[in-house]
Amino acid sequence: MGISGVSAGGMVSAALAQKEVYTQAEVQTGMLKKSIDMGAENALMLIESIPALTASSSLSTGLPSHLGSVINTKA
């Protein structure tokens, strides 16, 4: 495998172009990680904003207590 026909300037240009592509990929990866972290933080904030259910609270607020307490099944 030889490098005949390739000038020193061409090799330098190729190396610089490769380094630029690598740097751009690093920046893009960093931005992706930051975006994922921000999304996770926002999801956690939303989850934490949900009021906790206690034994005295009911999912059927405003409805009579007998509603939803019996499940009718037939085999």
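Can you give the local net charge around Asn42? Use residues other than it whose beta-carbon is closer than 14 angstrom to its beta-carbon, Lys and Arg +1, Asp and Glu -1.
Values: positive: Lys34; negative: Asp37, Glu41, Glu48.
Summing Lys and Arg as +1 and Asp and Glu as -1 gives -2.
Please work out how much length the chain gains when fully extended from Leu32 to Ser13, using 0.36 nm per residue of separation minus the C-alpha to C-alpha distance, in nm with one decimal. Could you put the intermediate results ahead of the total?
Numbers: separation 19, 0.36 × 19 = 6.84 nm, distance 2.86 nm.
Residue separation times 0.36 nm, minus the Cα-Cα distance, leaves 4.0 nm.
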Check: With no solvent and one point on each alpha carbon, what is the Debye value of log10 I(q)/I(0) for segment 12-56 at q = 0.32 Å⁻¹?
Finding: -0.99
Notebook entry, point to check: Between Ala25 and Leu67, what length comes free when the chain is fully extended (0.36 nm per residue of separation minus the Cα-Cα distance, one decimal in nm)?
Noted result: 9.4 nm
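Taken together, the values in this text are just the output of simple stated rules run on the coordinates, not laboratory data. Predicted model, so just to flag it, every value in this text is computed and none were measured. Here the Cβ is made from the backbone with ideal geometry for all residues, glycine too, and neighbour counts use every protein chain on show.
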